[in-house]
There are 4 protein chains.
Amino acid sequence: MDWDVFLTPYKQAVDELKIKLRGYREQYEMASQHSPIEFVTGRVKPIPSILDKARRKSIPLNQLDTQMQDLAGVRVMCQFVDDIKIVINLIKSRTDFDIVEVRDYIADKKDSGYRSYHLVVSYPVMTIAGEQRILVEIQIRTLAMNFWATIEHSLNYKYEGQIPKDVKDRLQRAAEAAFRLDEEMSQIRGEIQEAQQHFILKKLDQ
Amino acid sequence: MDWDVFLTPYKQAVDELKIKLRGYREQYEMASQHSPIEFVTGRVKPIPSILDKARRKSIPLNQLDTQMQDLAGVRVMCQFVDDIKIVINLIKSRTDFDIVEVRDYIADKKDSGYRSYHLVVSYPVMTIAGEQRILVEIQIRTLAMNFWATIEHSLNYKYEGQIPKDVKDRLQRAAEAAFRLDEEMSQIRGEIQEAQQHFILKKLDQ
Amino acid sequence: MDWDVFLTPYKQAVDELKIKLRGYREQYEMASQHSPIEFVTGRVKPIPSILDKARRKSIPLNQLDTQMQDLAGVRVMCQFVDDIKIVINLIKSRTDFDIVEVRDYIADKKDSGYRSYHLVVSYPVMTIAGEQRILVEIQIRTLAMNFWATIEHSLNYKYEGQIPKDVKDRLQRAAEAAFRLDEEMSQIRGEIQEAQQHFILKKLDQ
Amino acid sequence: MDWDVFLTPYKQAVDELKIKLRGYREQYEMASQHSPIEFVTGRVKPIPSILDKARRKSIPLNQLDTQMQDLAGVRVMCQFVDDIKIVINLIKSRTDFDIVEVRDYIADKKDSGYRSYHLVVSYPVMTIAGEQRILVEIQIRTLAMNFWATIEHSLNYKYEGQIPKDVKDRLQRAAEAAFRLDEEMSQIRGEIQEAQQHFILKKLDQ
């Protein structure tokens, strides 16, 4: 298997989607509106992680393109929980790819404490051999969700999925602290908007 | 007229097309083939140049989006003249935009000596207000064509379109030197391919 | 005053420092070590903000280069509070610029709740007219400190420095939630390191 | 030998120098002057090429850092031959690295027809283990010199250094065409400058 050749269109899809989603930010700024997108990252899954996951989930290597949905991954970070819905709507309104699957781990968070909104899309890459459809997983999260997830990921990696009870408890407390921060932030966002509303009404009165 | 708001989707189209066309290069390299694309540049026309051209061509500012086809411009540079055809075919086979117009100044070079292949495409940009179609001019040229064109452009700018006879003659000689270089390069390209062909046939003999 | 000409070396300094500080991240990854740097951003202060601050602080425009220390700003984001010290030491050990001033708002947080570590450095930019020394403010913070600061900044902007009491209280609670998250994270970091230490000792035993 | 670890500071040096040299271009544009730099590229020598050259030149792998001067390479492309001198002076006036060696293949072109100006510099990279001096080769050429060199490089690679007589002759003719183009361009550059001079004198008369 020639990994470089196989993964090149995945890298291309990630590069294109990063540019496309980052573009919204500038548009909101130009319109002097709060951008629901704070920043966007992307990556192609490293080959050792692909092999590892394929073994764990019994996916034959010649079915990776259809059975492993996160070979290409793009992540959108938001400041506020409510921004996530806006980003989902922006993505759903696009006509340059199809949405294949949706997993809402915010309404329905994982037992570990993991929260995030996942979309799998079928994205057309124009290769030198013609159009090729690529699965890309788009994750949408707040900054607080994101950095808790980053920690959990490294602990899982470190303990090979068997995180000891006491560390798990700490992780749980950190998840609560992250959740708490998102809550506090949400209420401030509401107040900013109320303040703005008030301001606009007063102006209309004059 | 809010130029920043008006030009943002043009900038977005240029950024996306640069990533898309640059992607071919890596694909050819991965496949160990000569890339017909040497490099790709892009720009949104600067506002003073837009105003200048609008005045010269009597284009009302509220019709810029349909009447000025090069507000967004992308340029593909090739090593060899024969690479241009390959790039045109790659672009024509894409399904993510429509080709609106074609101008072949290579088969039919301008009196000034200008040679280049132009395509105008209608490219869909996903804005925060929905899909918007943008005209983009894609120019395809060899490196020799390109740097002659760069010189001509600055001389035209300098002399405001009235290049003196003696400078025009020099420019003509430079155009011939650039054309000559392309010719010499083409013949070398042929010989490289013949050499390869010969090499493959010899291998098949064994 | 020609702002473009004046600000060009500031933009250059920011671009160079972003590349320089981002480079550490890759070096830690290559050495399979935790990177104390999560990501690096940078910006040149927008002209309206410069004018606004100059008025507020009574800085004459011809003394901006020496009196306004954050015309060029670079921000380093860390996952853990303890990473900040490591980044400070990396910066202090560099020989390509001089440190002019240090402000530690982590040991000594602002009344508002603001926490961050600031360094002002004198950075040499090579211009077409020779070497020019530029002041650059480098801010080092955790992700939690950063996004609290981002919110406070927009509220200050919105209320023009006069944040109402109830919003201020909410902001205070968000600052506590952010601080709490950093604390929880710190303890997990300790446990990861203890776990690693334990692992290494066990290996040495064999 | 861990190539990733060994080559990381070389990659860092290339990234920093690209940003530094590209910065001049913007400065010239801001000052409304012709930029002597058209564009800048850079690369770390691929590992197979390093091994190949080390074998050919009998360089032990543990002396690569001092004996192979082009592990890190940066290339500056100019529009006009006379721009090269200006770029050399910009580089010589910098205080952030030392020049170790100079090879002028323009005054003294190679038998093959190769023309280019080479500087080897000792560039300080700040690593996580402290300052490390890296050799970097900076090549300065016109666009015409560059693309002839690109062709020669691929032919040499194809024929493993044994280019047949007839291909060599063609390559020679292409070198002459490239040289001819540079000559024509130089004369136009002179005329542009004379025209400008004339224009300025006329203005002073009024």
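The values are calculated or read from the model by the stated rules, or taken from the named source; none is laboratory data. The structure displayed is predicted, hence computed values, not measured ones. So basically every Cβ, Gly included, is an ideal-geometry build from the backbone, and we count neighbours across all protein chains shown. Just the protein is used for accessible areas: all its heavy atoms, side chains included, with ligands, DNA and RNA removed. Shrake-Rupley method; radii C 1.70, N 1.55, O 1.52, S 1.80 Å.
A few remarks follow.
- Antiparallel %, DSSP beta bridges [both residues in chain A], to 5: 75
- A simple count of charges around A:Asp96, restricted to other residues whose Cβ falls under 10 Å of its Cβ and scoring Lys, Arg +1 and Asp, Glu -1, yields -3.
- For segment C:3-143: rounded, prolate or oblate by the Cα gyration tensor [a/c cutoff 1.5]: oblate
- In the full protein context, segment B:3-144 carries 44 Å² of accessible surface per residue, based on a 1.4 Å probe and ignoring ligands, DNA and RNA.
- For the residue pairs B:Lys18/D:Lys85; A:Lys11/D:Lys18; A:Lys20/A:Lys85, alpha carbon separations beyond 21 Å are given by B:Lys18/D:Lys85; A:Lys11/D:Lys18.
- Ellipsoid semi-axes in whole angstrom, largest first, where each is sqrt(5λ) of the Cα gyration tensor of segment C:94-193: 32, 21, 10
- Karplus (6.51, -1.76, 1.60) ³J(HN,Hα), θ = phi - 60°, over segment A:178-189, in Hz, Gly and Pro reported as x: 5, 4, 4, 4, 4, 4, 4, 4, 4, 5, 5, 4
- As a calculated quantity, the FRET efficiency between C:Thr66 and C:Asn89 at R0 = 30 Å, using C-beta atoms, amounts to about 0.60.
- Average beta carbon contacts from partner chains per residue of B:34-41, 10 Å cutoff: 1
- Test item: Cα-centred dipole of segment D:1-139, Lys/Arg +1 and Asp/Glu -1 on Cβ, debye: 360
- Over all other residues within a Cβ to Cβ distance under 11 Å of D:His34, the charged ones net out to -1, with Lys and Arg as +1 and Asp and Glu as -1.
- Taking a ≥ b ≥ c as the square roots of the eigenvalues of the alpha-carbon gyration tensor, segment A:1-68 is classed prolate because a/c is 1.5 or more and a/b outweighs b/c.
- Inter-copy label distances at D:Glu131, using a point 7 Å along Cα-to-Cβ, come to 1.2, 5.7, 5.8 nm with the shortest given first.
- For segment C:107-187, relative contact order (Cα pairs under 8 Å, six or more residues apart, normalised by length) works out to 26 percent.
- Modelled FRET efficiency - R0 22 Å, A:Lys110 with C:Ser154, Cβ distances, 0.05 increments: 0.10
- Distance from the B-onto-C rotation axis is smallest for the Cβ of the chain B residue given, in whole Å, as B:Asp4, 8.
- The local environment of D:Ala177, defined by Cβ-Cβ distances under 11 Å, has a net charge of -4 under the rule Lys, Arg +1 and Asp, Glu -1.
- Dipole magnitude for the protein assembly as shown: about 0 debye, using +1 per Lys or Arg Cβ and -1 per Asp or Glu Cβ, origin at the Cα centre.
- Look at the dipole of segment A:1-109 built from charges on Cβ: of A:Val87, A:Ala31, A:Gln63, the Cα furthest out on the positive end belongs to A:Gln63.
- Estimated from helical segments only, the mean residue ellipticity of the protein assembly as shown at 222 nm is -18500 deg cm²/dmol, where each DSSP H run of four or more residues counts as -39500 (n - 2.57).
- Rounded to 5, the percent of DSSP beta bridges in the protein assembly as shown classed as antiparallel: 75
- Counting from the shortest, the label point at B:Glu29, 7 Å from Cα toward Cβ, is 1.7, 2.4, 2.9 nm from the same position in each remaining copy.
- Rounded percent of accessible protein surface that carbon and sulfur make up, chain B, 1.4 Å probe: 49
- For D:19-27, mean number of other protein chain Cβ atoms within 10 Å: 5
- Helix D:47-56 axis versus longest C-alpha principal axis of chain D: approximately 80°, rounded to the nearest ten.
- Once backbone amide H atoms are built at 1.01 Å from N, C:Ile106 has C:Ser116 as its partners under 5 Å, excluding neighbours fewer than 5 places away on the same chain.
- J(HN,Hα) series, segment C:19-36, from Karplus relation 6.51 cos²θ - 1.76 cosθ + 1.60, nearest Hz, glycine and proline x: 4, 5, 6, 5, x, 4, 3, 5, 5, 5, 5, 4, 8, 6, 10, 4, 7, x
- Phi-derived couplings, Karplus 6.51 cos²θ - 1.76 cosθ + 1.60 at θ = phi - 60°, listed residue by residue for segment B:6-11: 4, 8, 3, x, 5, 4 Hz, with x used for Gly and Pro.
- Principal axis analysis of the Cα atoms in the protein assembly as shown yields extents of 78, 77, 52 Å, listed in decreasing size.
- With Cα atoms, 0 to 90° folded angle of helix A:143-158 axis to chain A main axis: 30
- With contacts taken as Cα pairs under 8 Å at a separation of at least 6 residues, chain D carries a relative contact order of 19 percent.
- For B:Asn89, the point set 7 Å out from Cα toward Cβ sits 4.6, 4.9, 6.0 nm from its twins in the other copies, listed from shortest up.
- Average beta carbon contacts from partner chains per residue of B:176-186, 10 Å cutoff: 6
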